[in-house]
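The values are calculated or read from the model by the stated rules, or taken from the named source; none is laboratory data. Computed from a predicted structure; not experimentally measured. Here the Cβ is made from the backbone with ideal geometry for all residues, glycine too, and neighbour counts use every protein chain on show.
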Amino acid sequence: MQLISNEIIYMRIPYLLFVLPFVACFLSPQFSEAQMSDLSEVFIDLDSESISGVAEEDTLAKTNTVLSATIIGEAMKYIGTPYRWGGKTPAGFDCAGFVRYVYSKFGLTLSPSAPSQVREGTRLKNDEIQPGDLVFYGGSRNRKSVGHVGLVTEVSSEGFKFVHASNTGVRVSSSNEPYYRSRYICACRVIDKILIGEL
C-alpha cells in the first residue's frame, strides 16, 4: 500500500526530511507496522533517486564547464595563425578546418566544411549559447547560407565572443560587430558528443 503519491513526495522531499520522524510517531497507532514500513521504503527510494539525479546533473555541468574551458584554451593557442583556403593544420586554417582541428584534439571528428558542421550539432536558442558552442554565419557572397563558423569563447548579457579563422587569420571577434551581426544564422552544440561518447 502506497500512502503518499510519488509526485507529492518528489515535490516535498526537503520538507519531509525534517517532518517524517515526527509524523511517524503519530501515525504508528493508526497504521500497521507493515504499512509504516512501506511508507519508509517509498520515501527512502525516492529520496535516493532525487539525490542521485541532482548529483549526476551537477557533475555533468561541471564536466562541461571544464571541458569547454580546455577546448577554448586549445583554440586560443592558434591566434595569429594565417588563413589558408582549405587549410586544416597550424600551417594555415580556413574557418571549418580550424574548428575541426581544435575539436579533433578531444576525440571528436567534425566535417571539413561549415555547411556540414551545422548539421552535426544540436541547434540552440540565442539564450542557450555557452562557451565551447559553434556559431555559424552567412558567407561573404550569400549571407543567408552558412559559409563561416567560429567557436564561442565567452558569453555575456551583451552577446558573445568567438575565435575563428577569418581571412586575416585566427582571431577573436564579437557577435556585436556589424559584419557578423548582420550575417549570424545560428548556434549549435557538439561538445555533448564528447561527454556522452558519440565519437
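Output the residue which, of all residues in segment 143-179 that are in a loop (DSSP other than H, G, I, E, B) and not hydroxyl-bearing (Ser, Thr, Tyr), is surrounded by the most Cβ atoms within 10 Å (Cβ to Cβ). Going through the qualifying residues, I end up with Arg143. The residues listed here are Arg123, Arg143; of these, the one that is basic (Lys, Arg) and more than 16 Å from the chain's Cα centre (by Cα) is Arg143.
If you go through segment 180-197 and pick out every residue that is free of Cβ contacts under 8 Å to residues at least 12 places away in the same chain and surrounded by 12 or more Cβ atoms within 10 Å (Cβ to Cβ), you end up with 1. On inspection, Gly159 does not qualify as at pLDDT 95 or above, within 22 Å of Pro90 (Cβ to Cβ) and either out of contact with any helix residue (DSSP H, G or I) (no Cβ under 8 Å at 6 or more places or on another chain) or assigned by TED's automatic domain parsing to the domain that holds Cys188 (or both). For segment 90-118, which positions are more than 15 Å from His164 (Cα to Cα) and of a type in the set (D, E, K, R)? Lys105 - this is the single residue of segment 90-118 that is more than 15 Å from His164 (Cα to Cα) and of a type in the set (D, E, K, R). The sole residue among Gly159, Gly150, Gly138, Gly121 that is touching a strand residue (DSSP E or B) at 6+ places or on another chain (Cβ under 7 Å), in contact (Cβ under 8 Å) with a residue 12 or more places away in the chain and at positive phi is Gly159.
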